[in-house]
Amino acid sequence: TPCIILDFNVSNIQCDDNDTPDLVIDDVFTFDIVVNGEGDGWQGGGMTGNFGQTVSSNTFDIYCGDLNFDITACDNNQSLSVNVIAPPACSTEPNCDYLYAHVREDNCCRPCPRGNISIATAHEIYESASVTNLAIGKPTNVSSRGFRLSSSGRFAVDNNTSTAVQTSVEENPWWEIDLVGQYNIDNVDITGSENGNYRLLISDTPFTSYALNAATNQADEIINFSSNNINVAGSGRYVRLYKLGVAQLKFNEISIEGAGNASSNVYSYQWSNGNIGNDGAPECLAPGSYNVTITDSDTGCELIRSVALE
């Protein structure tokens, strides 16, 4: 009896955070599929089944985007293409490795024998440096490394044109940065990029997918370009750069120019003792030990630092 595929139905698409609720990158999804037809059965997408039978899929990476595969009838004389739309990532807790703060004490407050405390977060360090490039030293990520450690994503923001970001040859390679605060962005300048078609995405919230279409749908600003200098009229915290098609993304430096706005400083401060309030630089404090919880209001990430005044 010849095998004939009539139709199929995909249902019960589920996300699994892989027991790492703070790590979006390893989220996976599964689904059920029923293939209807005549004959002994079908195969495809790493699955086999009888017609009319509900088959549960293997796991697939959400960050790789939508899934496409062919199902083939038992005699290989007929096939149908299946498209499964990947669900949103379900890891809801942010990865807080980016959070940085340095606490410094000053025991020379006059006229009383008290001291000052100052906290330097990534935002304060940028503001005090009086630089125009919002990207310098900020946390980065990249889709792959063409030459391992010699092509790190951070090389794009190290203010050194002799280093470079370089991905493998892949489909829609990307590089991204967290500006650690919301900024009004006016211009993006890329040094050392190669010819090709590019897409720049800006978002207020972290991107939850590697896939170009899914990330584009999430972005607040979308700019397609082919030159090294891009005029931008938008705001956001997360910036991702794609090179479109099967290609290698390679460039030396990126400059993101703009200015702060009311949401630029995302940090709040809660002190364990004393009536200090939300102050990142309290003055004339009594001697003693002080703990401060520093919170990124965008992501909810927290960092605790301690300091002693003598």
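Some notes on this structure:
Condition check ((1) open to solvent by 30 Å² or more (accessible area, probe 1.4 Å); (2) under 17 Å from Gln14 (Cα atoms); (3) assigned to a strand (DSSP E or B); (4) not small (Gly, Ala, Ser)) across all residues:
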{"residue": "Ile25", "(1), (2), (3), (4)": "yes, yes, no, yes"}
{"residue": "Thr30", "(1), (2), (3), (4)": "yes, yes, yes, yes"}
{"residue": "Ile33", "(1), (2), (3), (4)": "no, yes, yes, yes"}
{"residue": "Gly37", "(1), (2), (3), (4)": "no, no, yes, no"}
{"residue": "Thr48", "(1), (2), (3), (4)": "yes, no, yes, yes"}
{"residue": "Gly52", "(1), (2), (3), (4)": "yes, no, no, no"}
{"residue": "Asn58", "(1), (2), (3), (4)": "yes, yes, no, yes"}
{"residue": "Tyr63", "(1), (2), (3), (4)": "no, yes, no, yes"}
{"residue": "Phe69", "(1), (2), (3), (4)": "no, no, yes, yes"}
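- Residue count for region 224-281 satisfying the condition of being within 21 Å of Leu179 (Cβ to Cβ), among the hydrophobic types (A, V, I, L, M, F, W, C), open to solvent by 50 Å² or more (accessible area, probe 1.4 Å) and not in a strand (DSSP E or B): 1.
- Neighbours by Cβ (under 8 Å, 6+ apart or cross-chain): first from region 139-153, at pLDDT below 60; second among the charged types (D, E, K, R) and surrounded by fewer than 18 Cβ atoms within 10 Å (Cβ to Cβ): Ser151/Arg145
- When Ile202 is tested against the conditions (1) part of a strand (DSSP E or B); (2) free of Cβ contacts under 8 Å to residues at least 60 places away in the same chain; (3) more than 23 Å from Asp296 (Cα to Cα), the lone failure is (3).
- Across region 227-249, the number of residues qualifying as over 19 Å from the mean Cα position of the chain (by Cα) and farther than 17 Å from Asp204 by Cβ comes to 9.
- Considered as a group, the residues in region 284-301 that are surrounded by 13 or more Cβ atoms within 10 Å (Cβ to Cβ) and touching a residue at least 60 places away in the same chain (Cβ under 8 Å) include one that is farthest from Leu23 (Cα to Cα), and that residue is Leu285.
- Checking Trp175 against (1) closer than 22 Å to Asp61 by Cβ; (2) at pLDDT below 90; (3) buried (at least 16 other Cβ atoms within 10 Å of the Cβ); (4) touching a Ser or Thr at 6+ places or on another chain (Cβ under 9 Å), the condition it does not meet: (2)
The values are calculated or read from the model by the stated rules, or taken from the named source; none is laboratory data. Nothing here was measured: the structure is a model prediction, and the numbers come from that model. Counting neighbours? That spans all protein chains shown, and the Cβs are built from the backbone with ideal geometry, glycine included. Note: areas computed on protein heavy atoms with side chains; ligands, DNA, RNA excluded. Shrake-Rupley method; radii C 1.70, N 1.55, O 1.52, S 1.80 Å.
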